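K.L.:
One structure, pasted below without further comment.
The values are calculated or read from the model by the stated rules, or taken from the named source; none is laboratory data. Just so you know, these numbers come straight off a predicted model, no measurement behind them. Using ideal geometry, Cβ is built from the backbone for each residue, glycine included, and neighbour counts are taken over all protein chains shown. Ligands, DNA and RNA are excluded from the accessible area calculation, which covers all protein heavy atoms including side chains. Shrake-Rupley method; radii C 1.70, N 1.55, O 1.52, S 1.80 Å.
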Amino acid sequence: MSLLTGRVSAETGYAGSPPGSRRDDLRYIVWEGALSSIFVVLTGGAFVAGMALMLGAGDFEISLLAALPLLAQATQPLSVLLPKFAEDRRRLSVWGLTLGRQIWWLAVPLLFLKGQWELFALLVLVGMSSIATMLVTPVWLSWVSDIVPREIRGRFFGARSAMVAGSTLMFAILGSLVLDWTRDADRESLGYAVVVAIAATAAGLGSTVLSRVSEAPMPAPLLRDKTVHWARPIRDREFRRILRVFSAWNFAIGISAPFFAPHMLVNLKMSFLLIGLYSAGAAVVAVASNRSWGALIDRFGSRAVLTFCAVGIGLVPLIWLIPRAGYLWILSFEVVYAGWLWTGFNLAAFTLPIDKSPRNDRAYYLAWFAAVTGVAFFVASLLGGVLAEILSDFSLKAGRQTFLNYHILFVISALLRLASAGLMLVLTDRSEQRLPVMVQQMSYAVLRWLLMGRLIVPCPPDIMDNSKPEHKGPDDHLSRTDRTTQ
């Protein structure tokens, strides 16, 4: 990977490490992401929703199950109080992630026990796992962001996201095949036990890889007064604006997010394999588009990409009003459309708080960002669960389609998403190129592709003049070579 070379020492703060070690560090971060994604996909989404339904969960329990990991994000500001926070971020990250993921081995015997408490035990397990993981996430982000140079951050995390999408694709299908086979054999509990075992094993390998990444020293000012620095993010006017916008967005997402998986399983009668293929389709789109989104972020900034993607994502829940059992063709379009936009949005949302937080206090900023936006998602999910329970008897026939309680939540979410996307316009930064410039250049790129030749539709000089020039300097070869080697 060409992103693993170049002028790293000036940005990372560990100039004494040899170039080979720096390249290895970035490679380890990529592989850790690929292994961790196996755990995430096999213990989330339709897999955990199906497990909960098997244990007798209703709409409110499903919403609570989806919301617990986001509520756990509220613990992240406390991460800076962890012992040796500034001295050994690597050890804290590895131990926290290992504990949060290996605790899932307890779910294996739970699946074979009989009683009225299994669902409650699953909720407790998910909560404990989420708290352990989320508590060290700001430590991990602060550590990794000090290792990855800012000039290639968008492209690097784009490459990492492509690896994540690839492992998601393979194991979403593998897990789906296991569950469909065991469900047909009336051994559904065994299927979930196998899936959990694969997830926990992959997470353990990910922790082993992560432990090989070098420690990057914490900037000195962070060591002086934790109390002052801990409260600094909420006194930062610009950062408070970012918190408000993303809280509104997470609320809009959270009110419907827990119910797509049970809607596919219960109302659309989709098999786990079909759901796995749907997830795999999204992963393929992510692999295909990650590099281009990363390049756009590096060129135009996170905010332009964020706003563009948010507007398109606002329409996604409305697409889910169309499919019904046996009539699922629209999902082949939706998976490409939504997968493309979510890839860009997630990458921009990941890099924006990193870029807009001072390095010396980055861990505090990232912790507050996760905590506030996580609580917003949690509240919305619980509200969605309450509404789903209240509207459980709702049914409206329109032609061959029957609209149910979930459809009402999808419409509400779409309206809130579009409103939140409008709020993102206030995040405009003079240091980044404007959204219209990016849209214009994307439009001309599409036209050139459609007409099969740049000379047929040349890009106007004024558009090119307004674009941000590519980075030049000692590591300029990175921006040229990484397009062909990642």
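K.L.:
Determine whether Phe369 is open to solvent by less than 50 Å² (accessible area, probe 1.4 Å), part of a helix (DSSP H, G or I) and under 21 Å from Leu135 (Cα atoms). I'd like the intermediate steps shown before the answer.
P.N.:
Details: open to solvent by less than 50 Å² (accessible area, probe 1.4 Å): yes; part of a helix (DSSP H, G or I): yes; under 21 Å from Leu135 (Cα atoms): yes.
Answer is yes for this residue.
K.L.:
Restricting to region 308-344, give me the number of residues that are open to solvent by 10 Å² or more (accessible area, probe 1.4 Å) and under 21 Å from Ala370 (Cα atoms).
P.N.:
Qualifying residue count, region 308-344: 2.
K.L.:
Within the bounds of region 378-397, is there any residue that is without any contact (Cβ under 8 Å) to a residue 60 or more places away in the chain, of a type outside the set (A, V, I, L, M) and either closer than 21 Å to Met270 by Cβ or assigned to a strand (DSSP E or B) (or both)?
P.N.:
Yes, the conditions are met somewhere in region 378-397.
K.L.:
Follow-up question, since we're still on this one. Is it the case that some residue within region 58-74 is in contact with an Asp or Glu (Cβ under 6 Å, 6 or more places away or on another chain) and crowded, with 22+ Cβ neighbours inside 10 Å? Explain how you work it out, then say what you get.
P.N.:
Of all residues in region 58-74, those in contact with an Asp or Glu (Cβ under 6 Å, 6 or more places away or on another chain) come to 59-60.
Next, only the ones that are crowded, with 22+ Cβ neighbours inside 10 Å stay: 59.
There is at least one residue in region 58-74 that is in contact with an Asp or Glu (Cβ under 6 Å, 6 or more places away or on another chain) and crowded, with 22+ Cβ neighbours inside 10 Å.
Condition check ((1) over 22 Å from the mean Cα position of the chain (by Cα); (2) outside any helix (DSSP H, G or I); (3) among the aliphatic types (A, V, I, L, M); (4) modelled with pLDDT of 85 or more) across all residues:
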site	(1), (2), (3), (4)
Ser207	no, no, no, yes
Ser214	yes, yes, no, no
Phe239	no, no, no, no
Ile242	no, no, yes, yes
Ser247	no, no, no, yes
Ile253	no, no, yes, yes
Pro258	no, no, no, yes
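K.L.:
Going by what's in this entry, would Leu423 be described as open to solvent by 10 Å² or more (accessible area, probe 1.4 Å) and modelled with pLDDT of 90 or more?
P.N.:
no
K.L.:
Cβ-Cβ under 6 Å, sequence separation 6+ or interchain: first residue in region 191-214 and without any contact (Cβ under 8 Å) to a residue 60 or more places away in the chain, partner crowded, with 19+ Cβ neighbours inside 10 Å. Which pairs?
P.N.:
Every condition considered, the pairs that remain are Gly191/Val178; Gly191/Leu179; Gly191/Thr182; Val194/Val178.
Each row is one residue, and each column tells you yes or no for (1) at negative phi; (2) among the hydrophobic types (A, V, I, L, M, F, W, C); (3) assigned to a helix (DSSP H, G or I); (4) open to solvent by 30 Å² or more (accessible area, probe 1.4 Å).
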site: Ile38; (1), (2), (3), (4): yes, yes, yes, no
site: Phe47; (1), (2), (3), (4): yes, yes, yes, no
site: Gly96; (1), (2), (3), (4): yes, no, yes, no
site: Lys114; (1), (2), (3), (4): yes, no, no, yes
site: Phe120; (1), (2), (3), (4): yes, yes, yes, yes
